[in-house]
Amino acid sequence: MIKKIDIESEEYQTELELTKQFTDKVVDRFEFAYNPNDEVNESIQMGLTRNKMIYGKRYCPCFMVIGETKEEQKAADNRLCPCGPALKEEIPQKGNCHCGIFCTPEFAAQAAKEEELHDAIATHSRGLTKEECESLLIQREVNSTELESLLEARDLGFVKFNLVDTREWMEWVGQRIKGTDHLIPTTSFYQALERIDNEKDTPVVVYCLSGSRSAYCQRIMLDLGYKSVANLDYGISMYQGECESGEA
């Protein structure tokens, strides 16, 4: 079940401000840097706020929360921000945590340069053939231009695939890629995934804000027997195509 939270409510806004203070303290304590993409940071802070309001703890929003009761959630060893794997492995080894919000200063500086370059060289190509579409859909990643072309080809009847948003309901309402077929939030992934459980032979493209959460969900779907699952590189934050907002 997708739990809806009113992001305009005073309760949510108060909790969001407390979460921002919390992440500021994490950055200061461990001498981290924030991701240079502010949308990544805001998305994670919103997810942490959502989990705090629902579960009473700031569980990592890039992973599903296992367990119905507090005892079950504790026994499941759900990731609690700032989580051990991020502090001990991900940030020291890769430069950033799985969610992308916390980075080493060196990683953040390099990421800022790469994002600037990506913006500068982004181009659009159109008119994919049916064979080109099928080839793209079996890749592990597609970029913004490729997804735009795939959506155009789908509108023309050349190809069939499911476009899945793995973010949270409040992010989906705020902005989503036009043509998104399903909202399957990471934090309630297994339950929400049941809606396409009978479509495992249909190619899937998954996305989130930056590509991190959706990559995690991609691995799960492939393990569950989905024939092909492509992840949108850089997520909706770098998507140049048409988006929409509001409840469907």
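Could you list, in sequence order, all residues of the stretch 124-148 that are open to solvent by less than 10 Å² (accessible area, probe 1.4 Å) and touching a strand residue (DSSP E or B) at 6+ places or on another chain (Cβ under 9 Å)?
Passing the criteria: LEU137, VAL142, LEU147.
In the set VAL204, VAL173, which member is hydrophobic (A, V, I, L, M, F, W, C) and open to solvent by 10 Å² or more (accessible area, probe 1.4 Å)?
Of VAL204, VAL173, the one residue that is hydrophobic (A, V, I, L, M, F, W, C) and open to solvent by 10 Å² or more (accessible area, probe 1.4 Å) is VAL173.
Name every residue in the stretch 85-104 that is buried (at least 20 other Cβ atoms within 10 Å of the Cβ) and assigned to a loop (DSSP other than H, G, I, E, B), in order of residue number.
Matches in the stretch 85-104: CYS97, HIS98, CYS99, GLY100, ILE101.
What pairs can you find where one residue is in the stretch 75-100 and under 18 Å from ASN51 (Cβ atoms), the other is part of a loop (DSSP other than H, G, I, E, B) and of a type in the set (Gly, Ala, Ser), and their Cβ atoms are less than 8 Å apart, with a gap of 6+ or different chains?
ALA75/GLY67; ALA76/GLY67; ASN78/GLY67; GLY100/SER210
Working only within the stretch 149-170, note down all residues that are outside any loop (DSSP other than H, G, I, E, B) and open to solvent by 20 Å² or more (accessible area, probe 1.4 Å).
GLU152, ARG154, ASP155, TRP169
Can PRO82 be described as out of contact with any strand residue (DSSP E or B) (no Cβ under 7 Å at 6 or more places or on another chain) and not in a helix (DSSP H, G or I)? Working first, answer last.
Values: out of contact with any strand residue (DSSP E or B) (no Cβ under 7 Å at 6 or more places or on another chain): no; not in a helix (DSSP H, G or I): yes.
It is false that PRO82 is out of contact with any strand residue (DSSP E or B) (no Cβ under 7 Å at 6 or more places or on another chain) and not in a helix (DSSP H, G or I).
Can you pull out every residue in the stretch 1-12 that is exposed (fewer than 13 other Cβ atoms within 10 Å of the Cβ) and part of a helix (DSSP H, G or I)?
Of everything in the stretch 1-12, those that are exposed (fewer than 13 other Cβ atoms within 10 Å of the Cβ) and part of a helix (DSSP H, G or I) turn out to be GLU10, GLU11.
For SER135, only one of the following conditions fails: (1) of a type in the set (S, T, N, Q); (2) assigned to a helix (DSSP H, G or I); (3) modelled with pLDDT of 90 or more. What is its number?
All conditions pass for SER135, except number (3).
So ARG58 fits all but one of (1) at positive phi; (2) touching a residue at least 24 places away in the same chain (Cβ under 8 Å); what number is the exception?
Every listed condition holds for ARG58 apart from (1).
Looking only at the stretch 16-63, count how many residues are open to solvent by 20 Å² or more (accessible area, probe 1.4 Å), under 13 Å from ARG79 (Cα atoms) and outside any helix (DSSP H, G or I).
3
Taking the stretch 195-225, which residues are in contact (Cβ under 8 Å) with a residue 12 or more places away in the chain and part of a loop (DSSP other than H, G, I, E, B)? Spell out how you get there, then give the answer.
First pass over the stretch 195-225, keeping only residues in contact (Cβ under 8 Å) with a residue 12 or more places away in the chain: 195-196, 199-218, 220-221, 224-225.
Of everything in the stretch 195-225, those that are in contact (Cβ under 8 Å) with a residue 12 or more places away in the chain and part of a loop (DSSP other than H, G, I, E, B) turn out to be GLU199, LYS200, ASP201, THR202, PRO203, CYS208, LEU209, SER210, GLY211, LEU224, GLY225.
For the stretch 176-194, which positions are in a loop (DSSP other than H, G, I, E, B), on the phi < 0 side of the Ramachandran plot and open to solvent by 10 Å² or more (accessible area, probe 1.4 Å)? Can you show your working first?
Residues of the stretch 176-194 that are in a loop (DSSP other than H, G, I, E, B), as a first pass: 178-181, 184-185.
Filter again for on the phi < 0 side of the Ramachandran plot, leaving 178, 180-181, 184-185.
Selection gives LYS178, THR180, ASP181.
Can you tell me how many residues within the stretch 192-248 are under 19 Å from ASN96 (Cβ atoms), within 12 Å of the chain's Cα centre (by Cα) and hydrophobic (A, V, I, L, M, F, W, C)?
6
The values are calculated or read from the model by the stated rules, or taken from the named source; none is laboratory data. What you are looking at is a predicted structure, and each value in this text was computed from that prediction instead of being measured. Here Cβ is always computed from backbone atoms with ideal geometry, including for glycine, and neighbour counts include all displayed protein chains. Protein only, heavy atoms only, side chains kept; ligands, DNA and RNA dropped before computing areas. Shrake-Rupley method; radii C 1.70, N 1.55, O 1.52, S 1.80 Å.
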